[in-house]
1. Conditions: (1) of a type in the set (Val, Ile, Thr); (2) surrounded by 17 or more Cβ atoms within 10 Å (Cβ to Cβ); (3) within 22 Å of Trp177 (Cβ to Cβ). Val64 meets all but one. Number of the miss?
2. Please verify whether Gly195 is within 16 Å of the ligand (Cβ to nearest atom), more than 18 Å from Tyr158 (Cα to Cα) and surrounded by fewer than 16 Cβ atoms within 10 Å (Cβ to Cβ), treating the condition exactly as stated.
3. Check every one of the helices (runs of 4 or more DSSP H) wholly within region 78-147 and list those with 1 or more residues that are over 20 Å from Pro175 (Cα atoms) and modelled with pLDDT of 95 or more.
4. Pull up region 204-222, narrow it to residues that are buried (at least 22 other Cβ atoms within 10 Å of the Cβ) and within 11 Å of the ligand (Cβ to nearest atom), then point me to the one that is nearest to the chain's Cα centre (by Cα).
5. As an exercise: evaluate Ala51 against (1) within 16 Å of the ligand (Cβ to nearest atom); (2) touching a Leu at 6+ places or on another chain (Cβ under 9 Å); (3) of a type in the set (Gly, Ala, Ser); (4) not in a loop (DSSP other than H, G, I, E, B) and give the number of the one condition it does not meet.
6. What about Ala164, is it under 17 Å from the mean Cα position of the chain (by Cα) and farther than 28 Å from Asn184 by Cα?
7. Just checking, how many residues over region 167-182 are surrounded by fewer than 19 Cβ atoms within 10 Å (Cβ to Cβ), within 9 Å of the ligand (Cβ to nearest atom) and not hydroxyl-bearing (Ser, Thr, Tyr)?
8. What residue, of Ile179, Ile156, Ile197, Ile152, is under 14 Å from the mean Cα position of the chain (by Cα), among the hydrophobic types (A, V, I, L, M, F, W, C) and under 25 Å from Ala120 (Cβ atoms)?
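The values are calculated or read from the model by the stated rules, or taken from the named source; none is laboratory data. Computed from a predicted structure; not experimentally measured. Here the Cβ positions follow ideal geometry from the backbone for every residue, glycine too, while neighbour counts run over all protein chains shown.
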Amino acid sequence: MGRRTLIVGNWKMNGLIETAQEFADAILTGLSARAGRFVQCEVVICPPATALYVLNQRLGGSSVKLGGQNISEHESGPHTGEICGIMLRNVGCRFVILGHSERRATCGEDNETVGRKMAAAFRDGLQPIVCVGESLEERDLGRTLEVVEGQIEALIPYLPVHAAKRPLLVLAYEPVWAIGTGRNATPEQIQEVHGFIRQRLEGELGADAQKIRILYGGSVKGTNARSILALKDVDGGLIGGASLKAADFLAIIDAVPEKF
Ligand code: 13P
């Protein structure tokens, strides 16, 4: 359907200025050697906020884009410790990851909070990458689709009124039990949930659902990326551990299949 593959690196709480600079140099060198392949996919790095400025200095003007890992739902004001969307834009961000399971689990972010943050991202001109996914317990209880459906439905009231903006939404299916564990969801499990998400989006948004990219995340590496990225409703990857070293991240970009 012409959805451009999106490969996003989520560094989580890793990376100092020096390592970020080294990564930027290595990724630019690696990508320039792969010019043809790079055209097929969009590449985004989401470092900790403290490394954004220096990465923007190094990567600004290149085709590698930047994203944050969270924003406040507020525009500005007395919210100590928070960062708003405009601040991320100010250091070159185009994207922001929202509702990551690590934040849902430890920062009290529920579906409503994530919806409000998504609305804030659209308001502030950022493309939200909203994470959804079930815990191991929920999967074992056969509740995977129900949980994911609840997470998606909560977003609907917060989508932009302007229909033209809606396809800018990016979703990421990250089964909690596959994150950082080396344990992979099978291609069948992944396609089942991605197909279900697409179907639910279609019910709400009609034809626009075909334009929304759905990423998979959870122990994606160079060695398993090809079979995952080739799945019908998988439009890219949200990569944790394997995005910290340029060589590992480039191996995933090398695995992007030609879908169109
Ligand atoms: P890993 O790739 O380390 O499993 O992390 C996935 C993730 O949580 C990306 O947001």
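1. For Val64, the exception is condition (3).
2. Against the criterion (within 16 Å of the ligand (Cβ to nearest atom), more than 18 Å from Tyr158 (Cα to Cα) and surrounded by fewer than 16 Cβ atoms within 10 Å (Cβ to Cβ)), Gly195 does not qualify.
3. It comes to 85-90, 111-123.
4. Leu215
5. Here Ala51 meets the rest and fails (1).
6. no
7. Matching residues across region 167-182 total 2.
8. Residue meeting the stated conditions: Ile179.
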